[in-house]
Amino acid sequence: MGGVDAIHMPPASRVLYLGAASGTIVSHVSDIVGLESLVYSVEFSHRSGRDLIIVAKKRTNIVPIIEDARHPLKYRMLVGMVDTIFADVAQPDQARIVSLNAQHFGRMAGILLFQLRLSA
Ligand SMILES: C[S@@+](CC[C@H](N)C(=O)[O-])C[C@H]1O[C@@H](n2cnc3c(N)ncnc32)[C@H](O)[C@@H]1O
């Protein structure tokens, strides 16, 4: 794993992944947490969501959710409390989106991971 397994996602932790796209990095998270865990993967693009669902069919710990992460109430019946929220929505209001999701699904002592995409 080259150290990437030490990013606050120990085996069996539950992860809410916002901005799953076609599931490339989600599949790595799926490997890191292992089959006894769940990776709730939210993506609002239906095109990317189709690929995400194909990835989820092969990996039983991925729960694909094709919804807008700005509206967590729409998927609250699918998602339990999570240990870690991984955000890669690449939106200007990413912090607000994470905060909304943390209010619904985050544990008091949970972890937030932001992927920051910086342009020159
Ligand atoms: C930078 S890409 C993520 C790449 C992905 N994490 C990977 O490398 O495997 C950002 C993704 O977030 C999705 N996205 C942006 N805003 C969103 C929102 N409000 N709700 C759900 N998905 C969103 C986009 O459709 C896009 O697929």
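The values are calculated or read from the model by the stated rules, or taken from the named source; none is laboratory data. Predicted model only: the values in this text are computed from it and were never measured. Note that we place each Cβ from the backbone using ideal geometry, even for glycine, and neighbour counts take in every protein chain shown. Keep in mind that these areas ignore ligands, DNA and RNA; they rest on the heavy atoms of the full protein, side chains included. Shrake-Rupley method; radii C 1.70, N 1.55, O 1.52, S 1.80 Å.
Among the residues of the stretch 6-24, those identified as modelled with pLDDT of 95 or more and open to solvent by 20 Å² or more (accessible area, probe 1.4 Å) are Ala21, Ser22, Thr24. Of all residues in the stretch 89-104, those that are more than 20 Å from Ser22 (Cβ to Cβ) and among the aliphatic types (A, V, I, L, M) have Cβ atoms under 6 Å from Cβ atoms of residues that are assigned to a helix (DSSP H, G or I) and open to solvent by less than 40 Å² (accessible area, probe 1.4 Å), 6 or more apart or on another chain, in Leu100/Pro72.
Scoring Leu100 on the criteria (1) open to solvent by 10 Å² or more (accessible area, probe 1.4 Å); (2) within 12 Å of the ligand (Cβ to nearest atom); (3) part of a loop (DSSP other than H, G, I, E, B) leaves a single failure, condition (3).
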